Amino acid sequence: MAPPRINIEAEGERLSKVMADRGLASRREADEWIEMGWVRVDGKLAVLGQRVAPEVQIEIDPAAHKQQAQRVTILLHKPIGLVSGQPEDGYEPAVSLIRPDTRWAEDPTQGHIHFNPAQLRGLAPAGRLDIDSTGLLVFTQDGRVAKALIGDDSEVEKEYLVRVALADALEAEAAPMHSFPESQLALLNHGLELDGVQLRPAKVSWANEDQLRFVLREGRKRQIRRMCELVGLKVLGLKRVRMGRIPLSALPMGQWRYLAPWEKF
């Protein structure tokens, strides 16, 4: 029987937060496991809302790890025109592309992981791409993956190729960008703020004569487009090509594959 849902007023941090901080599970997973009776604290069955000291011993039932191992992470090459999250303004969500017929034929997990519609339940984007952007979009059922990619303390790099032009230039005059000052490029690397908040240092350099390479460790709404606006650039195209150690590589646009068990962000 699942433990009762009670509110415990005590010193310390919530058990689910401690479990997340230790990398045992996401907070949502931790609460699910506690409800299922799969968590013990110092030998005693845990309850929802429990607060604990930092040094407590936490034991997890093997059934929880088995459930966690069955959760999938999916890599999608998102095209323009699809939204990352919930449907809006008549636009389809990118998750609608995750079907058996759009799975990449060269998925390295072919023969190891088989598609099941149940894998779509609880599948959420871990980081977004706006409707006008393309590239690598990650969906996951695993709270640990989501925390690693988009948690407040995430250190995972996200790499983008961004085709730009001077904001006041005609389309035909967009390239090359010989007149863009080095001082403005330096600002893109560090020194800008959005919504009154200083941005974390980035790595921004020229990939070619009209395309910038951005490497970020944060993901504010339309961050790259807004950064470019602040230094007099307009974005003509934006593509995410890497998240952590996982590149977009040869994954075709509109197709998807599973994150393999041996791959880590």
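A few remarks follow.
- For Glu263, the criteria (1) of a type in the set (Asp, Glu); (2) in contact with a strand residue (DSSP E or B) (Cβ under 8 Å, 6 or more places away or on another chain); (3) assigned by TED's automatic domain parsing to the domain that holds Glu182 hold in every case but one, which is (3).
- None of Gly254, Gly219, Gly244, Gly232 is over 27 Å from Arg71 (Cβ atoms) and either of a type outside the set (A, V, I, L, M) or assigned by TED's automatic domain parsing to the domain that holds Thr134 (or both) except Gly232.
Residue-wise test of (1) under 30 Å from Ala25 (Cβ atoms); (2) at pLDDT 95 or above; (3) among the aliphatic types (A, V, I, L, M); (4) assigned to a loop (DSSP other than H, G, I, E, B).
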{"site": "Asp153", "(1), (2), (3), (4)": "yes, no, no, yes"}
{"site": "Asp168", "(1), (2), (3), (4)": "no, no, no, yes"}
{"site": "Ala175", "(1), (2), (3), (4)": "no, no, yes, yes"}
{"site": "Phe180", "(1), (2), (3), (4)": "no, no, no, yes"}
{"site": "Leu188", "(1), (2), (3), (4)": "no, yes, yes, no"}
{"site": "Val215", "(1), (2), (3), (4)": "yes, yes, yes, no"}
{"site": "Glu218", "(1), (2), (3), (4)": "yes, no, no, yes"}
{"site": "Glu229", "(1), (2), (3), (4)": "no, yes, no, no"}
{"site": "Lys239", "(1), (2), (3), (4)": "no, yes, no, no"}
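- Meets criteria (under 22 Å from Val241 (Cα atoms), without any contact (Cβ under 8 Å) to a residue 60 or more places away in the chain and either in a strand (DSSP E or B) or of a type in the set (Gly, Ala, Ser) (or both)) for Ala118: no
- Selection of segment 80-94 for residues being touching a residue at least 40 places away in the same chain (Cβ under 8 Å) and loosely packed, with under 15 Cβ neighbours inside 10 Å yields Ile80, Gly81, Gly85, Tyr91.
- Among the candidates Arg103, Arg71, Arg40, the residue that is surrounded by 13 or more Cβ atoms within 10 Å (Cβ to Cβ), more than 28 Å from Leu251 (Cα to Cα) and among the basic types (Lys, Arg) is uniquely Arg40.
- Residue identified as surrounded by fewer than 15 Cβ atoms within 10 Å (Cβ to Cβ), more than 30 Å from Ile98 (Cα to Cα) and charged (D, E, K, R) among Glu193, Glu155, Glu263: Glu193
- Residue within segment 95-108 that is more than 25 Å from Arg242 (Cα to Cα), without any contact (Cβ under 8 Å) to a residue 12 or more places away in the chain and not charged (D, E, K, R) present: no
- Residue match in segment 134-150 (condition: among the acidic types (Asp, Glu), at pLDDT below 95 and part of a loop (DSSP other than H, G, I, E, B)): yes
- Residue tally, condition free of Cβ contacts under 8 Å to residues at least 60 places away in the same chain and touching a Gly at 6+ places or on another chain (Cβ under 6 Å), over segment 214-252: 0
- Any hit, segment 130-143, residues being touching a helix residue (DSSP H, G or I) at 6+ places or on another chain (Cβ under 9 Å), surrounded by fewer than 16 Cβ atoms within 10 Å (Cβ to Cβ) and not aromatic (Phe, Trp, Tyr): yes
- Verdict on Leu166 being closer than 26 Å to Val83 by Cβ, touching an Asp or Glu at 6+ places or on another chain (Cβ under 9 Å), surrounded by 13 or more Cβ atoms within 10 Å (Cβ to Cβ) and in contact (Cβ under 8 Å) with a residue 24 or more places away in the chain: no
The values are calculated or read from the model by the stated rules, or taken from the named source; none is laboratory data. Here the structure is a predicted model, which means the values were calculated and not measured. Neighbour counts run over all protein chains shown; Cβ positions are idealised from the backbone, glycine included.
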